[in-house]
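Report on the structure given below.
The values are calculated or read from the model by the stated rules, or taken from the named source; none is laboratory data. Keep in mind the model is a prediction, meaning the values are calculated, not measured. Ideal geometry is used to build each Cβ from the backbone, glycine not excepted, and the neighbour counts take in all protein chains shown.
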Amino acid sequence: MGSIREKYDTKKTVFSCEVFPPKKDKPIEPTMEKLSAFRDIAPDFLSVTYGAGGSNAGNAVEIASFIRRDVGVDVLSHITSVGFSREKLDDGLQTFRENGIENVLALRGDRPKDMTDDEYNSRDFFHASDMAEYIQKNYPDFTIAGACYPDKHFEASGYDEDIANLKKKVDSGCSFLISQLFFDNEKFYRMCDMMERLGITAPVSAGIMPITSARMLGTTVTLSGTSVPKSLSDTIAKYGENDEDMKKAGIEYAEDQVRDLLSHDVRGIHLYVMNKPEIAEMIFSEVR
Ligand code: FAD
């Protein structure tokens, strides 16, 4: 198990999934049991989310090392800088290192509700790029990834600004990128074109979330700010009332997106499967 970045050089397409640890007051065993199924699915890596400010840091590290050690799959651990001083980041990275985790997704994270203006405006790392630069300088053994946004990040005034900031992120040490989930592939292709024009050559994995219920779409759009094309809203209108039909249609929608991305030689597919390996299995068995 080494740098995940190297997989993009040796494989035509890198297949990965995102999973999340339980909240800090919840038992960890049921999540471990669920994630064990990834052993047979054998994705190229699993990424493990992190609460902004490190709210569930302990469980995130435990789940990441369980995946690496017991499931036998490479791990990309997310880390969010928004509530972090330099010292706290050092502690977090040291703990990762002690657990054999050397691939991190450097994220700024969203401002926690209980953070004051003073705390927010005086934070040690303003952007993910600031944290990436710090990690690259002080932890050269780590491989760093970053996030990108086919629908543009909600704080950026426009696409040009967002992609110019993405260039800073890559120049600061993020050697590959994972995109926010999107439902319209054209948005992803446009982002890639803009990146190419700016000379950003880091490989990008396309983030795909299979929508398996009408309710899930509402939550997802609120959290991610991703736009919903007519083809998907038509699918929800047609099947949303029936759970089984909706699940099937949502998975087919995701498979169609993936097939189209593969036909455009995308470098990676990152499935947001929300701790449901059975959904990853269904999609990967169709498209891999
Ligand atoms: P940044 O890269 O700092 O970007 C934020 C804004 O600042 C953007 O508008 C950007 O254009 C601008 N910007 C960036 N760099 C600069 C710069 N150098 N100078 C000026 N402006 C700049 N959140 C969690 O809490 N936990 C997770 O585990 C998690 N996982 C995620 C995984 C993926 C793949 C993605 C796409 C998002 C994830 N998020 C997670 C959400 C993420 O934390 C939010 O989207 C957050 O609002 C932005 O994080 P970022 O790292 O992209 O921030």
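Would you check which residues across the stretch 182-196 are assigned to a loop (DSSP other than H, G, I, E, B) and among the basic types (Lys, Arg) and list them?
Across the stretch 182-196, there are no qualifying residues.
Can you name every residue in the stretch 108-120 that is within 14 Å of the ligand (Cβ to nearest atom) and among the charged types (D, E, K, R)?
Initially, the stretch 108-120 is screened for residues within 14 Å of the ligand (Cβ to nearest atom), giving 108-113, 115, 120.
Matches in the stretch 108-120: ARG108, ASP110, ARG111, LYS113.
Can you find, within the stretch 44-78, the residue that is surrounded by the fewest Cβ atoms within 10 Å (Cβ to Cβ) among those that are within 19 Å of PRO27 (Cα to Cα) and of a type in the set (Gly, Ala, Ser)?
Ranking the qualifying residues of the stretch 44-78, first place goes to GLY58.
Run down ASP234, ASP260 and say which single residue is in contact (Cβ under 8 Å) with a residue 60 or more places away in the chain and more than 16 Å from the chain's Cα centre (by Cα).
Within the list ASP234, ASP260, the selection yields ASP260.
From the list LEU89, LEU93, LEU105, LEU181, exactly one residue is away from the ligand (no atom under 11 Å from the Cβ) and under 19 Å from the mean Cα position of the chain (by Cα). Which is it? Can you show your working first?
Working: LEU89 fails: under 19 Å from the mean Cα position of the chain (by Cα); LEU105 fails: away from the ligand (no atom under 11 Å from the Cβ); LEU181 fails: away from the ligand (no atom under 11 Å from the Cβ).
Exactly one of LEU89, LEU93, LEU105, LEU181 is away from the ligand (no atom under 11 Å from the Cβ) and under 19 Å from the mean Cα position of the chain (by Cα), namely LEU93.
Does the stretch 18-59 hold any residues that are β-branched (Val, Ile, Thr) and either away from the ligand (no atom under 16 Å from the Cβ) or under 21 Å from ARG111 (Cα atoms) (or both), and which are they? Explain how you work it out, then say what you get.
In the first step, residues of the stretch 18-59 are kept if they are β-branched (Val, Ile, Thr); the result is 19, 28, 31, 41, 48-49.
ILE28, ILE41, VAL48, THR49, listed by residue number.
Spot the failing condition for ARG68; the list is (1) more than 8 Å from the ligand (Cβ to nearest atom); (2) closer than 19 Å to ILE178 by Cβ; (3) free of Cβ contacts under 8 Å to residues at least 40 places away in the same chain, and only one is missed.
(3)
Out of ILE67, ILE79, I need the residue that is modelled with pLDDT of 95 or more, of a type in the set (A, V, I, L, M), in contact with a strand residue (DSSP E or B) (Cβ under 7 Å, 6 or more places away or on another chain) and part of a helix (DSSP H, G or I). Which one?
ILE67
Return the pair list, or none, for Cβ contacts closer than 7 Å from residues in the stretch 79-95 that are surrounded by 15 or more Cβ atoms within 10 Å (Cβ to Cβ) to residues that are among the basic types (Lys, Arg), at least 6 apart or on different chains.
THR80/ARG108; SER81/ARG108; VAL82/ARG108; VAL82/ARG111; VAL82/ARG123
Being surrounded by fewer than 21 Cβ atoms within 10 Å (Cβ to Cβ), assigned to a strand (DSSP E or B), small (Gly, Ala, Ser) and out of contact with any Leu (no Cβ under 8 Å at 6 or more places or on another chain) is the requirement here; does SER175 meet it? Write out each step before concluding.
Working: surrounded by fewer than 21 Cβ atoms within 10 Å (Cβ to Cβ): yes; assigned to a strand (DSSP E or B): yes; small (Gly, Ala, Ser): yes; out of contact with any Leu (no Cβ under 8 Å at 6 or more places or on another chain): yes.
Criteria met by SER175.
Does VAL73 qualify as being at pLDDT below 95 and outside any strand (DSSP E or B)?
Working: at pLDDT below 95: no; outside any strand (DSSP E or B): yes.
So VAL73 does not fit the description; no.
Does at least one position in the stretch 129-150 carry a residue that is farther than 20 Å from LEU89 by Cα, under 18 Å from the mean Cα position of the chain (by Cα) and within 8 Å of the ligand (Cβ to nearest atom)? Before you say what the answer is, go through the steps one by one.
Our first condition is that a residue be farther than 20 Å from LEU89 by Cα; within the stretch 129-150, this holds for 148-150.
Still in the list and also under 18 Å from the mean Cα position of the chain (by Cα): 148-150.
Next, from what is left, pick out any that are within 8 Å of the ligand (Cβ to nearest atom): 148-149.
Yes, the stretch 129-150 contains at least one residue that is farther than 20 Å from LEU89 by Cα, under 18 Å from the mean Cα position of the chain (by Cα) and within 8 Å of the ligand (Cβ to nearest atom).
Would you list the helices (runs of 4 or more DSSP H) that sit entirely within the stretch 197-281 and hold 2 or more residues that are over 24 Å from LYS23 (Cβ atoms) and polar (S, T, N, Q)?
Details: elements: 214-224, 230-239, 243-263.
In the stretch 197-281, the matching helices (runs of 4 or more DSSP H) lie at 230-239, 243-263.
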